């Protein structure tokens with residue numbers, strides 16, 4: 001596995017260099033990551049990326065060549081070079097669970113350690129969380145709009161080749177059922193699926209030849225792409241070739257509701273009553289919601305999930321909130337820039353629906369006690385949101401992707417139905433600061 | 001260097017499997033990548049990513065474990081498994097130069113080889129070109145709007161950690177002067193720069209302490225961030241600490257034109273007449289154009305360059321255009337879906353401005369002749385656009401990033417001024433199909 005130390009903005013290391021020189025590098029510090037706002041119209045955000053981030057923090061080191069290069073470039077001096085050769089994050093991280101909801105000001109990640117080790121992580125923390133949260137947030141809206149119909153993530157060709165793997169992972173944890181991306185299948189165990197491209201049909205002399213070739217290779221359970229020429233003709237050919245047991249057809253063009261309706265009628269007429277209909281072509285949560293009444297069995301989503309449905313980055317920032325035990329805040333009087341380490345709490349109503357989120361400024365000892373549940377009777381409100389995910393530089397929370405996926409689904413169920421509409425609205429919650437818990 | 005074979009959609013390999021079974025896998029084929037459209041309002045696109053793509057195509061292989069996994073997952077059968085164990089792209093690629101302009105329908109990349117080897121590359125080709133062209137296209141508009149003032153790419157924290165490196169590269173080839181991303185500096189030789197974060201100031205007891213620490217580490221030529229508390233006070237403190245030789249100040253908030261004007265007046269009053277003013281904070285080509293008259297010496301651009309200024313992906317597709325010597329096209333009558341391999345040409349006026357782009361359908365022999373310049377007198381119009389970039393699987397065109405950057409600047413100069421405005425407009429050119437060259 002690769003080192004991640006250089007996935008960093010230059011100024012993190014020049015600041016570190018200043019702190020090594022002025023002696024403050026080992027001061028205890030606390031940084032928090034949070035989103036100042038949600039994208040316009042969104043009611044909630046979904047934390048993605050934590051499970052990718054923690055192993056990358058464990059690999060946040062610099063080898064001798066990298067340190068020599070940093071010196072040569074004038075980024076760091078000799079003393080900081082020595083510091084970096086030994087660098088390894090040895091601090092603690094508390095976080096919202098991956099897949100959990102967040103709102104403006106929710107302290108989703110809290111990094112405690114020395115000033116030097118906390119600042120070094122800033123860029124990596126934000127790259128991973130901003131990307132993966134943007135995808136997970138868009139994906140969960142799509143999953144919810146699909147109302148139980150399966151979704152296939154197929155955005156790989158629309159995003160950077162490595163971001164594509166993270167995209168598949170974030171979409172899956174949000175509830176997508178599968179991905180087209182083979183590396184994501186291999187690396188993360190996500191089910192992979194695929195049909196065929198128009199080129200496959202075009203490369204054969206006839207559509208029938210193409211379908212015969214595909215069925216010979218993949219069996220009658222496969223999905224045949226029927227819209228290269230005429231859709232009705234394509235469906236007739238597909239059923240003639242594969243029989244009534246044909247797994248599915250895919251439609252990638254036209255008015256999808258209308259074409260799906262016509263396709264269902266024709267498939268039924270041909271006796272292929274169990275053959276499923278999968279649609280693709282510029283789908284997003286809005287189109288999916290609008291297709292709720294069409295006889296569609298699955299959606300393939302590409303561009304719009306890989307680009308966060310119009311919002312390809314979350315607005316997370318990473319801020320110093322405590323240094324040497326004193327709270328720190330910028331001049332802003334905004335409540336969400338309040339200084340000091342924050343402990344987040346949520347209240348639920350009797351039906352289990354989320355009612356409010358607030359935070360209290362809390363020294364570390366209170367944080368530990370709350371996390372052990374010692375300060376409150378079990379199950380009583382308010383419930384703590386954060387959990388320990390890294391201690392002394394070692395990951396202590398590593399759920400499987402399927403566990404994260406189950407947690408995400410359970411968390412979504414704590415939102416009332418109006419907050420789950422795709423219609424534009426304000427953030428469902430305003431995270432408030434309570435002076436006393 | 002890592003293998004890239006699995007950075008692929010499952011259906012590419014299931015189609016390949018069908019073709020191995022039906023015997024057509026070794027048919028000669030030609031695929032082309034092109035954008036069907038530009039993002040709304042854009043006058044031109046910029047091809048990015050070619051220099052990243054070609055080495056990744058050379059590494060497009062599968063090791064024994066990967067092939068075994070593909071078999072286990074039912075993606076390929078035994079015969080295709082054997083095919084993949086030996087897989088290596090051995091075909092030819094012609095392309096527009098990296099950094100060149102493109103318009104809807106411009107055949108920016110032409111892949112010739114066997115059907116099997118061409119189809120296998122589809123996902124990787126599109127991931128790289130769609131990402132990097134989106135960044136380069138946005139970045140060149142920003143560079144042009146900045147009118148010679150230097151731009152710093154600092155979007156790393158707003159995008160996937162690996163996409164960030166490609167972002168820095170694409171921005172640099174479009175004319176950005178530097179990046180904050182250290183890995184991009186190391187991997188691509190891009191100059192890296194940085195200032196300091198608000199956290200740096202906040203971590204010190206006073207702003208003056210922070211500035212003293214930074215100047216001690218980085219010298220008086222550094223850039224001091226002056227807006228953590230009061231900007232005017234910050235500037236006075238900065239000049240008091242660093243002296244009149246202070247390199248630059250950075251302003252990251254407020255009305256940037258107004259703050260820059262006040263800052264310039266104050267710096268001049270303090271005798272720091274050569275101290276530069278750098279601004280950051282949600283800049284894009286529109287904001288940069290609006291700041292043209294403010295006394296600003298440089299721009300730091302983050303989110304908007306890393307997300308393609310509202311268009312994080314280009315709309316490139318990869319289409320089969322020729323199989324076994326016969327042209328192939330989909331049912332669409334759209335001119336840009338015309339079958340057959342395309343040879344692109346451009347005409348220029350006497351002032352060297354680009355006047356038109358068209359393509360002719362051409363067998364390979366004509367393509368070779370045109371590329372050698374043999375079919376036309378040297379320098380005469382129309383000039384061929386494509387060049388050979390890979391032959392027999394070996395890269396034959398590998399300019400340095402600085403060479404690409406120079407080419408991009410020269411190419412931009414072939415656009416008339418109205419096509420270079422940031423104002424919304426139609427694509428500058430409609431690429432036409434001429435039946436005869």
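The values are calculated or read from the model by the stated rules, or taken from the named source; none is laboratory data. For clarity, every value in this text was computed on a predicted model and none was experimentally measured. Neighbour counts are summed over all protein chains in view; Cβ atoms, including those assigned to glycine, are modelled from backbone coordinates with ideal geometry.
Report whether or not residue B:104 is under 16 Å from the mean Cα position of the chain (by Cα), away from every other protein chain (no Cβ under 11 Å) and part of a loop (DSSP other than H, G, I, E, B). Against the criterion (under 16 Å from the mean Cα position of the chain (by Cα), away from every other protein chain (no Cβ under 11 Å) and part of a loop (DSSP other than H, G, I, E, B)), residue B:104 does not qualify.
Being at pLDDT 95 or above, in contact with a helix residue (DSSP H, G or I) (Cβ under 8 Å, 6 or more places away or on another chain), closer than 29 Å to residue A:169 by Cβ and at the interface with chain B (Cβ under 10 Å from one of its Cβ atoms) is true of residue A:7. The listed residues are B:137, B:127, and the only one of them that is within 13 Å of chain A (Cβ to nearest Cβ) and either at negative phi or without any contact (Cβ under 8 Å) to a residue 40 or more places away in the chain (or both) turns out to be B:127. I'd like to know if the stretch B:266-283 contains one or more residues that are at positive phi and not in a loop (DSSP other than H, G, I, E, B). There is no residue in the stretch B:266-283 that is at positive phi and not in a loop (DSSP other than H, G, I, E, B).
Please specify each residue of the stretch A:238-254 satisfying the condition of being under 25 Å from residue A:291 (Cα atoms) and either part of a helix (DSSP H, G or I) or not assigned by TED's automatic domain parsing to the domain that holds residue A:280 (or both). If the condition is that a residue be under 25 Å from residue A:291 (Cα atoms) and either part of a helix (DSSP H, G or I) or not assigned by TED's automatic domain parsing to the domain that holds residue A:280 (or both), then A:238, A:239 are the ones that fit.
When you look at residue A:245, is it modelled with pLDDT of 95 or more, over 30 Å from residue A:166 (Cβ atoms) and in contact with a strand residue (DSSP E or B) (Cβ under 6 Å, 6 or more places away or on another chain), yes or no?
Judged against the criteria, residue A:245 is not a match.
Consider the stretch A:37-55 and keep the residues that are surrounded by 23 or more Cβ atoms within 10 Å (Cβ to Cβ) and facing chain B (nearest Cβ under 10 Å). The one that is nearest to residue A:129 (Cα to Cα) is A:49. For residue B:135, are the conditions met, namely being in a helix (DSSP H, G or I) and closer than 30 Å to residue B:84 by Cα? Taking the combined requirement at face value, the residue does not satisfy it. Is the stretch A:144-153 home to any residue that is within 14 Å of chain B (Cβ to nearest Cβ) and surrounded by 22 or more Cβ atoms within 10 Å (Cβ to Cβ)? Yes - at least one qualifying residue is present in the stretch A:144-153.
The set of residues in the stretch A:15-28 that are within 7 Å of another protein chain (Cβ to nearest Cβ) and crowded, with 23+ Cβ neighbours inside 10 Å comprises A:15, A:17, A:18. Just so you know, in the stretch A:189-198 the residues that are part of a loop (DSSP other than H, G, I, E, B) and either in contact (Cβ under 8 Å) with a residue 24 or more places away in the chain or at the interface with another protein chain (Cβ under 8 Å from one of its Cβ atoms) (or both) include one that is surrounded by the fewest Cβ atoms within 10 Å (Cβ to Cβ), and it is A:189. From the list A:374, A:426, the lone residue that is out of contact with any strand residue (DSSP E or B) (no Cβ under 7 Å at 6 or more places or on another chain), at pLDDT 95 or above and either more than 28 Å from residue A:55 (Cβ to Cβ) or assigned to a helix (DSSP H, G or I) (or both) is A:426. Within the option set A:389, A:328, being at pLDDT 95 or above and touching a helix residue (DSSP H, G or I) at 6+ places or on another chain (Cβ under 8 Å) holds for one residue only, A:389. In the set B:257, B:183, only one residue is within 30 Å of residue B:421 (Cα to Cα), in a helix (DSSP H, G or I) and under 36 Å from the mean Cα position of the chain (by Cα); that residue is B:257.
Collect the residues in the stretch A:199-237 that are touching a residue at least 12 places away in the same chain (Cβ under 8 Å), in a helix (DSSP H, G or I), touching a strand residue (DSSP E or B) at 6+ places or on another chain (Cβ under 7 Å) and closer than 25 Å to residue B:31 by Cβ, keeping them in residue-number order. Within the stretch A:199-237, A:201, A:202, A:211, A:214, A:231 qualify.
Every test in (1) in a helix (DSSP H, G or I); (2) touching a residue at least 60 places away in the same chain (Cβ under 8 Å); (3) away from chain B (no Cβ under 12 Å) is passed by residue A:34 save one, and that test is (1). Here residue B:168 meets the list (1) closer than 19 Å to residue B:52 by Cβ; (2) within 11 Å of another protein chain (Cβ to nearest Cβ); (3) surrounded by fewer than 23 Cβ atoms within 10 Å (Cβ to Cβ) almost entirely, failing just condition (3).
Determine if the stretch B:81-96 includes at least one residue that is in contact with a strand residue (DSSP E or B) (Cβ under 7 Å, 6 or more places away or on another chain), more than 20 Å from residue B:119 (Cβ to Cβ), at pLDDT 95 or above and buried (at least 21 other Cβ atoms within 10 Å of the Cβ). Checked the stretch B:81-96: at least one residue is in contact with a strand residue (DSSP E or B) (Cβ under 7 Å, 6 or more places away or on another chain), more than 20 Å from residue B:119 (Cβ to Cβ), at pLDDT 95 or above and buried (at least 21 other Cβ atoms within 10 Å of the Cβ). All conditions in (1) at pLDDT 95 or above; (2) surrounded by 14 or more Cβ atoms within 10 Å (Cβ to Cβ); (3) more than 23 Å from the chain's Cα centre (by Cα) hold for residue B:369, with the sole exception of (1). Tell me, please, whether a residue that is surrounded by fewer than 21 Cβ atoms within 10 Å (Cβ to Cβ), at the interface with chain B (Cβ under 9 Å from one of its Cβ atoms) and closer than 23 Å to residue B:131 by Cα can be found in the stretch A:213-235. For the stretch A:213-235, residues surrounded by fewer than 21 Cβ atoms within 10 Å (Cβ to Cβ), at the interface with chain B (Cβ under 9 Å from one of its Cβ atoms) and closer than 23 Å to residue B:131 by Cα: absent.
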